[in-house]
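Following: one structure in structure tokens, then a few remarks.
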Amino acid sequence: MKKTSTPSSPPEVGVMLQKLRLKRGLTLDDLSRAAGVSKSMLSQIEREKANPTIAVAWRLANALGVGIEELLSSEAQEVEAIHILEPHETPTLPGSHAGYVLRILGPMELAGKYEWYELTLVPDGALVSNPHDPGTSEYLTLLHGALEVEVDGTKKKLKAGGTARYLADKSHAIRNVGKTEAKALLVVIHR
């Protein structure tokens, strides 16, 4: 009889799910529709806040075009000593309608835990956000331009080189109040 070894911890389904979803260029909405799984459930799974049932894992694997064993795989991939992302490979969230571009600088496997972005705002552009999960905080460092940060009705202006630190579990907004483009680094830490 062949003896099989069992892993000492369950697979990180969320990390693999997010990796497969992003590799295919799918948003949470896209995968939600394709798999018949709610967007909020997908978000919880990707953040390792929930584990999918076998039926949900099967639907997700089918929607992604992989076998369920790949989704549940806990095999570590070989890591290269240095991995370079070319500028065109950096995922970008265009908010053209609101006058911003958000480049995702952090690795996708940390999304929902630690995230960092390059934020570019045109004059009068704004990144307006609903409250994030309780305990989430943001750190915004202005590289150039003029920004105003608003959190729960309180507004403060930020000068180039300055950093705004604020709770992001309340409604918040970042606005370009200058006459030229503004660029900043934004770090989001989820608790």
**Q.** Residue list for the range 18-53, filter: of a type in the set (A, V, I, L, M, F, W, C) and under 14 Å from the mean Cα position of the chain (by Cα)
**A.** LEU22, LEU26, LEU28, LEU42, ILE45
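Every residue, every condition in (1) touching a Lys or Arg at 6+ places or on another chain (Cβ under 6 Å); (2) farther than 21 Å from LEU28 by Cβ; (3) hydroxyl-bearing (Ser, Thr, Tyr); (4) free of Cβ contacts under 8 Å to residues at least 60 places away in the same chain, yes or no:
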| residue | (1), (2), (3), (4) |
| --- | --- |
| ALA126 | yes, yes, no, yes |
| HIS132 | no, no, no, yes |
| GLY135 | yes, yes, no, yes |
| GLU148 | yes, yes, no, yes |
| LYS155 | no, yes, no, yes |
| LEU158 | no, yes, no, yes |
| GLY161 | no, yes, no, yes |
| THR180 | no, yes, yes, yes |
| HIS190 | yes, no, no, no |
Q. Any idea which of LEU147, LEU142 is under 21 Å from the mean Cα position of the chain (by Cα) and modelled with pLDDT of 95 or more?
A. LEU142
Q: Would you check if ALA126 is out of contact with any strand residue (DSSP E or B) (no Cβ under 7 Å at 6 or more places or on another chain) and buried (at least 16 other Cβ atoms within 10 Å of the Cβ)?
A: no
Q | Check on SER38, within 29 Å of ARG103 (Cα to Cα), modelled with pLDDT of 85 or more and surrounded by 15 or more Cβ atoms within 10 Å (Cβ to Cβ) | A | no
Q: Say whether the condition of being in contact with a Ser or Thr (Cβ under 8 Å, 6 or more places away or on another chain) and either at pLDDT 80 or above or on the phi < 0 side of the Ramachandran plot (or both) is met by at least one residue in the range 79-99.
A: no
Q. Are any of the residues in the range 163-182 at negative phi, open to solvent by less than 80 Å² (accessible area, probe 1.4 Å) and touching a helix residue (DSSP H, G or I) at 6+ places or on another chain (Cβ under 8 Å)?
A. no
Q) How about the range 41-61: which of its residues are open to solvent by 60 Å² or more (accessible area, probe 1.4 Å), in contact with a helix residue (DSSP H, G or I) (Cβ under 7 Å, 6 or more places away or on another chain) and in a helix (DSSP H, G or I)? A) TRP58, ARG59
Q: Please specify each residue of the range 93-115 satisfying the condition of being in a strand (DSSP E or B), open to solvent by less than 30 Å² (accessible area, probe 1.4 Å) and either hydroxyl-bearing (Ser, Thr, Tyr) or farther than 20 Å from THR136 by Cα (or both).
A: GLY95
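The values are calculated or read from the model by the stated rules, or taken from the named source; none is laboratory data. Source: prediction; values computed, not measured. No Cβ is skipped: glycine too gets one built from the backbone with ideal geometry, and neighbour counts run over all protein chains shown. All accessible areas refer to the heavy atoms of the entire protein, side chains included, with ligands and DNA or RNA removed. Shrake-Rupley method; radii C 1.70, N 1.55, O 1.52, S 1.80 Å.
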